[in-house]
Amino acid sequence: MDKASLVVLISGSGSNLQAIIDAIKNKQLNAQIAAVISNQAEAKGLERAARENITTHVIDHKHYPSRELFDQAMIQIIDPLKPDLIILAGFMRILSNHFIEHYRHLLINIHPSLLPKYKGLNTHQKAIENRDKLHGASVHYVDIELDSGPVVIQTEVPVHATDTAETLAKRVLNEEHKIYPLAIKLHIEGRITFDNNRLMLDNHVLTKPLLWKNDQLTEQDM
């Protein structure tokens, strides 16, 4: 089986990028990263990619007068690579409708909350302020509405009474590094498919996200 081709979009430290690199190295993913693209020249994730001899591109969004022109510059790099999946790994840009439609069902993101709760920023602080017992992270396909789209996998993280946004974020990020490669694996192995916009797992409708719990991936009861 040929290796799947991945393109990873980043803006920052690239810790989820590193988790994907590690999953490829340890043979969890039969894939190769064709390119890493960042809108920030100083993103530490570019250094991670360079250490692995992965091709990198910097496209500074400040050099483009519109979101659409910036996204078009990314498309010009991505299209010739014919990726099997485009992975948002801490990419801090809202994508244009055209970009999302152009890569429909090939764009995946990880968000630090149990979606649909807490779309957008400051999710950890919101969970603490609302005295949630459980917080977590979600891997989802990208749709036009922010932090929407079908959710593939979620993981739950308990919120402790002593937590700050920083301590909670650290524990959530640790779980993100586990579930993102799992979701990518399901996609590139063809186990996740779409029937129109319905998410399918092994040819049956996935009515609830898969749950990563106690180091196991399980389907949730209806």
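Worth a mention:
- Computed extension gain for Glu166 through Asp2, at 0.36 nm per residue and net of the alpha carbon distance, reaches 55.0 nm.
- Electrostatic dipole magnitude of the chain [Cβ: Lys, Arg +1; Asp, Glu -1; Cα centre; debye, to 20]: 280 debye
- The portion of the accessible surface of the range 2-107 made up by carbon and sulfur, rounded to a whole percent, is 49 (1.4 Å probe; DNA, RNA and ligands excluded).
- The value of relative contact order for the range 74-153, using C-alpha pairs under 8 Å at least six residues apart, is 29 percent.
- Gain upon complete extension [Val205, Leu69; 0.36 nm per residue less C-alpha separation]: 45.3 nm
- Label point at Asn122 placed 7 Å out along Cα→Cβ; residues across the range 159-188 whose backbone nitrogen lies under 16 Å: 164-166, 169
- Over 27 Å (Cα to Cα) - which of Lys27/Lys82; Lys117/Lys213; Lys3/Lys119 fall in this group: Lys3/Lys119
- Theoretical gain in end-to-end length, Ile144 to Gln28 [0.36 nm per residue, Cα-Cα removed]: 38.7 nm
- Relative contact order of the range 99-222, defined on C-alpha pairs under 8 angstrom at six or more residues apart (%): 21 percent
- Net charge of neighbours whose Cβ lies under 12 Å from the Cβ of Ser138, counting Lys and Arg as +1 and Asp and Glu as -1: -1
- Relative to one another, the C-alpha centroids of the range 91-129 and the range 52-80 are positioned 19 Å apart.
- Residue-count net charge about Ser13 - beta-carbon cut-off 14 Å; Lys, Arg +1, Asp, Glu -1: +1
- Of the peptides 179-185, 75-81, 111-117, the order by per-residue mean of other Cβ atoms within 10 Å, starting with the highest, comes out as 179-185, 111-117, 75-81.
- Look at the dipole of the range 83-222 built from charges on Cβ: of Leu182, Tyr118, Ser138, the Cα furthest out on the positive end belongs to Tyr118.
- Ranked by the mean number of other Cβ atoms within 10 Å of their residues, highest first, the peptides 148-154, 136-142 fall in the order 136-142, 148-154.
- Here the contact order of the chain, divided by its residue count and restricted to Cα pairs under 8 Å and six or more residues apart, works out to 17 percent.
- Each DSSP beta bridge with both residues in the chain is either parallel or antiparallel, and the antiparallel ones are about 50%.
The values are calculated or read from the model by the stated rules, or taken from the named source; none is laboratory data. Source: prediction; values computed, not measured. Here the Cβ is made from the backbone with ideal geometry for all residues, glycine too, and neighbour counts use every protein chain on show. Just the protein is used for accessible areas: all its heavy atoms, side chains included, with ligands, DNA and RNA removed. Shrake-Rupley method; radii C 1.70, N 1.55, O 1.52, S 1.80 Å.
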